[in-house]
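Working notes, beginning with the structure itself.
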Amino acid sequence: MTKKFDLLVDSCCDLPFDYLESNDVQVVSMVINLNHKEYVDDLGKTFDYNWFMEQLKLEEMPSTSQINIGTYSEVFKQYVGSEKPLLYLAFSSELSGSQRNAFSALRLLEEDHESVNVSIVDSKAASLGEGLLIKDIINQRNAGKSLEEVLEWLEENISKVHSWVTVNDLNHLERGGRISKTSAAIGSLVKIKPIIHVDATGKLVNVGKTRGRNKSLEKIVSETKRTILNSEEQNLLVAYAGDLEAAEHVKELIQEMIPVKSVELLPMGPTIASHTGYGAIAIFSYGVAR
């Protein structure tokens, strides 16, 4: 079946490259900066994920670079005068300037061309929250849905994506300005673990804290249970930054507490993990509107 539209994602979606390639999804990549070198986050195509996790365990502090206008232009110019449209589902605009660059690239092309058949949608999500939406878009496209039908579905469902996150390393949150140096130092001493949610605008918000790792993992499961709808129909996604054992524990807790169709564990990509640190765990589901 001929697909009715093309699909573009960024590497913040944390879905495996092989999965996206096999489903004919294009990817634009963020760049990781570590020890004065640049590494392309290509979702595991060439990026050495295990090496990167070891760097995080050694308390290295990578930074990330947003996707530039030129990268977007190279993709979008293929849709000048094209009959087949392109849908770009973007990383939350509240967490990166990449989406602004995408719109700038599109406007520049529209100044010189009568038609550029590109639609940009803010996922208002990160990591596998974005990935959750992309998986459903792929299924709908494979079922023959049109771009207009998918855009309508996105409008109804983006606000229903829930992301419950806990981190094991407060230093990355401190560096990102989300907590103070004093809070990070004291919190680390007494093993405080923050509970983070992505709000309706796509921002990361600290919504609680627990004492100890196990309690933080239990908390994100209980919050998922509290906010999920129609759980029996859902395939939940869990992202983990290096700590597979903790992710497997979370999967067991979900299966004990929430009746779901399936739980899939996937590595948290290096772009997102650069800001969460080693050991971050996040659960993604559909639920009540944020």
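The values are calculated or read from the model by the stated rules, or taken from the named source; none is laboratory data. Source: prediction; values computed, not measured. Glycine gets a Cβ as well: all are built from the backbone with ideal geometry, and neighbour counts include every protein chain shown. Surface accessibility is based on the protein's heavy atoms, side chains included, excluding ligands, DNA and RNA. Shrake-Rupley method; radii C 1.70, N 1.55, O 1.52, S 1.80 Å.
Summary of computed values
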read-out	value
DSSP-defined antiparallel bridges as percent of all bridges, the stretch 1-156, nearest 5	40 percent
Whole-number percent relative contact order across the chain, with pairs defined as alpha carbons under 8 Å at least 6 apart	21 percent
Under 26 Å from the Cα of K193 - lysines, other chains or at least 8 residues apart	K57, K124, K160, K181, K203, K209, K215, K219, K225, K251
Highest-fluctuation residue, G208, G279, G242 considered, GNM on the chain with Cα pairs under 10 Å	G208
Rounded to 5, the percent of DSSP beta bridges in the chain classed as antiparallel	60 percent
Mean separation of Cα contacts under 8 Å (6+ apart) over length of the stretch 20-101, as relative contact order %	27 percent
Computed over the stretch 1-160: relative contact order in percent, which uses C-alpha pairs under 8 Å that are six or more apart	27 percent
Ellipticity estimate at 222 nm from DSSP helix runs (n ≥ 4, -39,500 (n - 2.57)) divided over the chain, nearest 500	-12000 deg cm²/dmol
Most fluctuating residue given options L56, L15, L253, as computed from a GNM of the chain linking Cα atoms under 10 Å	L253
Paired Rg and Dmax values of the chain, which use every Cα atom, in angstrom	18.9, 60
Accessible surface ranking that places the most exposed of Y240, Y39, Y72 first, with a 1.4 angstrom probe	Y39, Y240, Y72
Inverse of mean 1/r across different Cα pairs in the stretch 187-270, Kirkwood, Å	13.8 Å
Point-to-point label distance, K203-E94, nm (Cα→Cβ direction, 7 Å offset)	0.6 nm
Average accessible area per residue (Å²) across the stretch 67-149 - probe 1.4 Å, nucleic acids and ligands excluded	42 Å²
Rounded percent of accessible protein surface that carbon and sulfur make up, the chain, 1.4 Å probe	47 percent
Set of aspartates and glutamates with alpha-carbon distance to K145 below 17 Å, sequence-local pairs under 8 removed	D6, D24, E83, D136, E155, E156
Spacing of the two label points (7 Å from each Cα toward its C-beta) at M257 and V80, in nm	5.3 nm
